[in-house]
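Reviewing the structure listed below.
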Amino acid sequence: MADVFAQAPDHEQVVFCNDRSTGLRAIVAIYSTALGPALGGTRFFPYADESAALADVLELSKAMAYKAACAGLDLGGGKAVIIGDPAADKTDALLRAYGRFVDSLSGRYYTACDVGTYVADMDIVAQECRFTTGRSPEQGGAGDSSVLTAFGVFEGMRAAAEAVWGEPTLRGRRVGIAGVGKVGRHLVEHLIQDGASVVVADVDAAAVGALLARHPEVAATDPAQLVDEPMDVYSPCAMGHALTDATVARLTARVVCGGANNQLAHPGVESQLEERGILYAPDYVVNAGGVIQVADEIHGYDADRARATAGEIFATTARILAAAKTAGIPPSIAADQMAERRMAAAAAGKPLRLPERDGRHSPDR
């Protein structure tokens, strides 16, 4: 346990689950409940070992807290990981055991979809857990949250375009998208409608093939070569840590704005982007559309209300980019400061109010 305390000095709670009967091995990390119950997806992934899973869930849960704070939500941040191959290890029994595990936290953490989990999975989890969101419309949920995530990324990209080129549009720009799964394929739709040209790459050849069948005007390249493509905007929409020292050195883009979480491989990458004149739209700001959608579902989903809230990502991104320029700091630092101010103010005020027994959260802030 000493290693956990050392790795997570600012986290409120880290809980491990081991259910031998189903093979469930999971970790839930709660970074902050200053603004309300922690909300975060469940990532089902074949981690190399438990140390890798712990490092990922700690990083992701912190990002979720900052994401919720910048999005103006009355929710904190958490995350869960299930260790295993979802294609081989996912069963209804395992998901139900996971639901019982989350429910035992009594509303301190709400779970939803992430890499390796889907709406249908959340419907199964919800059979055992009152604190599940991201469910199917048939079960009273909002459905696929990647749709609103992509919309929010597009709005953030428009704000970045305005900051760099003076107009909030991608018309006439070339955008390179790394990953055309849940979010990337929807982002392509927005960009084409806005008049952008698009080049994509994905390790999943089937995903690329399906996209090209729908949009033959889109170009495709090898994932290892995408960053070398001439482009105006680079949009990481797959796994995290896409922005490494080597990647930044090779980028031709003027803007980085994508749906992936935790895009910066290490502290200091943001400074390298600044030195190269590349504007970075902070990932947890622009990809907040999904968390906005699943948060809205907690209160009884209203599609128009959720989309309107996600549309505010444009103004939030613009405000952060302007603050960063004025202060002479990278946008990621400006975003961190905005989130930290809101969490600190909340922590100094009212204590966490837990949801009612029906699983709905009544915000009191």
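The values are calculated or read from the model by the stated rules, or taken from the named source; none is laboratory data. Quick caveat: nothing in here was measured; it's all calculated off a predicted structure. Here Cβ is always computed from backbone atoms with ideal geometry, including for glycine, and neighbour counts include all displayed protein chains. The protein model used for the area step is the full one, side chains on, heavy atoms only, and it has no ligands, DNA or RNA in it. Shrake-Rupley method; radii C 1.70, N 1.55, O 1.52, S 1.80 Å.
Things worth noting here:
- Test: residue in the stretch 294-314 that is closer than 13 Å to residue 157 by Cα, of a type in the set (Phe, Trp, Tyr) and surrounded by fewer than 23 Cβ atoms within 10 Å (Cβ to Cβ): yes
- Of all the listed residues (222, 114, 121), the sole one being of a type outside the set (A, V, I, L, M) and open to solvent by 60 Å² or more (accessible area, probe 1.4 Å) is 222.
- Any chance residue 79 is open to solvent by less than 30 Å² (accessible area, probe 1.4 Å) and among the basic types (Lys, Arg): yes
- One residue from 152, 143, 176 being in contact with a strand residue (DSSP E or B) (Cβ under 6 Å, 6 or more places away or on another chain) and open to solvent by less than 20 Å² (accessible area, probe 1.4 Å): 176
- Close pairs from the stretch 127-138: first closer than 18 Å to residue 79 by Cα, partner in a loop (DSSP other than H, G, I, E, B) and hydroxyl-bearing (Ser, Thr, Tyr), Cβ under 7 Å, at least 6 apart: 134/145
- Evaluating residue 25 against the criteria (1) modelled with pLDDT of 95 or more; (2) out of contact with any strand residue (DSSP E or B) (no Cβ under 9 Å at 6 or more places or on another chain); (3) open to solvent by 40 Å² or more (accessible area, probe 1.4 Å) leaves one unmet condition, (2).
- For beta carbons closer than 6 Å, sequence separation of 6+ or different chains, a first residue in the stretch 1-21 that is over 23 Å from residue 64 (Cα atoms) and a second that is modelled with pLDDT of 85 or more and of a type outside the set (Val, Ile, Thr), the qualifying pairs are 18/25; 19/97.
- Residue match in the stretch 205-218 (condition: buried (at least 22 other Cβ atoms within 10 Å of the Cβ), touching a helix residue (DSSP H, G or I) at 6+ places or on another chain (Cβ under 9 Å) and charged (D, E, K, R)): no
- Qualifying residue in the stretch 89-109 (condition: buried (at least 24 other Cβ atoms within 10 Å of the Cβ) and in a strand (DSSP E or B)): yes
- Restricting the stretch 244-273 to residues that are touching a Phe, Trp or Tyr at 6+ places or on another chain (Cβ under 8 Å) and assigned to a helix (DSSP H, G or I), the residue that is surrounded by the fewest Cβ atoms within 10 Å (Cβ to Cβ): 273
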